Amino acid sequence: MAIQKVVEAEEEDNGSEVGTVYGDMITFMMCLFIMLFVLVYNEKTDDTFFVQMRLKFGAKDIEQQEHLTSESLFISKIAGYIKEEELEDEVQVLVDEQKIKLLLNSPVLFESGAATLTPHGYKVMRGLGKVLGHVRNPLIIEGHTDNVPIHTEEFESNWVLSFFRAYSVVKFFMKNMDYPADQLSAIGYGEYRPIAVNDTSAGRQKNRRIEINLIRVSESEVN
């Protein structure tokens with residue numbers, strides 16, 4: 001009798017293990033089928049779509065991973081807007097450990113020697129503002145110029161011009177995007193932080209720029 005009971009117990013354990021393995025296999029196959037279905041029939045096969053998929057599957061287990069993946073989605077949205085509007089020659093995105101930086105050539109925002117956004121510049125900022133609208137990280141706006149001196153009644157130097165250009169962008173964020181004023185800063189560097197040589201017209205054009213710096217902080221609210 002004792003031997004019979006042991007055999008019956010073993011058979012019950014084996015049956016339970018087989019059922020568990022079978023259930024796991026069915027669940028895995030269902031998940032695989034769903035993923036394949038989505039990948040085949042979903043038309044959004046760009047980088048943004050795959051970042052969103054990573055957000056939905058597994059990226060929420062670790063808070064830091066979720067933050068980084070959200071930043072990837074944010075960056076891909078900016079890149080998507082730049083590509084859609086064909087602004088690759090005017091707007092660039094750079095990322096480092098401290099910040100996400102947008103470089104905008106001055107001609108895309110301002111006329112020569114002016115610090116007021118042009119209609120085209122306003123349109124570009126509206127588009128970027130829609131992407132930045134859900135972000136509440138600190139924004140540092142930098143104005144830069146080439147080394148060709150300016151001295152007008154309105155702007156006595158490149159330094160002054162670069163600051164007021166940065167300030168125009170800050171005002172745009174406050175008035176049109178309701179961005180918190182205490183999260184915004186405007187800095188003018190004039191010609192003193194070039195990213196190219198000023199010996200050529202192409203180099204001077206690169207130096208005439210606005211930089212929008214999104215400061216990366218652990219509690220960022222990138223959605």
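How do the pairs read when you match residues in the stretch 136-163 that are farther than 15 Å from residue 107 by Cα with residues anywhere that are of a type in the set (S, T, N, Q) and in a loop (DSSP other than H, G, I, E, B), using Cβ under 7 Å and keeping only pairs 6 or more apart or on different chains?
What qualifies is 137/220; 147/198; 150/157; 151/157; 158/145.
Just the residues that are modelled with pLDDT under 50, open to solvent by less than 50 Å² (accessible area, probe 1.4 Å) and in a helix (DSSP H, G or I), please, taken from the stretch 59-78. Can you show your working first?
Pass one, the stretch 59-78, residues modelled with pLDDT under 50: 59-67.
Next, only the ones that are open to solvent by less than 50 Å² (accessible area, probe 1.4 Å) stay: 59, 67.
Correct list: 67 only.
Has the stretch 198-217 got at least one residue that is within 14 Å of residue 125 (Cα to Cα) and free of Cβ contacts under 8 Å to residues at least 40 places away in the same chain?
Scanning the stretch 198-217 turns up no residue that is within 14 Å of residue 125 (Cα to Cα) and free of Cβ contacts under 8 Å to residues at least 40 places away in the same chain.
Could you check how many residues of the stretch 110-135 are free of Cβ contacts under 8 Å to residues at least 60 places away in the same chain and in contact with a strand residue (DSSP E or B) (Cβ under 9 Å, 6 or more places away or on another chain)? Walk me through it before giving the result.
Of the residues in the stretch 110-135, the ones free of Cβ contacts under 8 Å to residues at least 60 places away in the same chain are 110-127, 129-131, 133.
Narrowing further to those that are in contact with a strand residue (DSSP E or B) (Cβ under 9 Å, 6 or more places away or on another chain): 110, 115, 121, 124-125.
Going through the stretch 110-135 one residue at a time, the tally reaches 5.
Please work out which residue is nearest to residue 150 (Cα to Cα), limiting yourself to the stretch 79-101 and to residues that are among the acidic types (Asp, Glu) and surrounded by 13 or more Cβ atoms within 10 Å (Cβ to Cβ).
So the first thing to find is which residues in the stretch 79-101 are among the acidic types (Asp, Glu), and the list is 84-86, 88-90, 96-97.
Narrowing further to those that are surrounded by 13 or more Cβ atoms within 10 Å (Cβ to Cβ): 85, 90.
Values: 85: 32, 90: 23 Å.
Looking at residues that are among the acidic types (Asp, Glu) and surrounded by 13 or more Cβ atoms within 10 Å (Cβ to Cβ), I get 90.
The values are calculated or read from the model by the stated rules, or taken from the named source; none is laboratory data. Since the model is a prediction, treat every value here as computed from it, not as a measurement. Neighbour counts run over all protein chains shown; Cβ positions are idealised from the backbone, glycine included. Ligands, DNA and RNA are stripped out before the accessible areas are found, and what is left, the full protein with its side chains, is counted by its heavy atoms. Shrake-Rupley method; radii C 1.70, N 1.55, O 1.52, S 1.80 Å.
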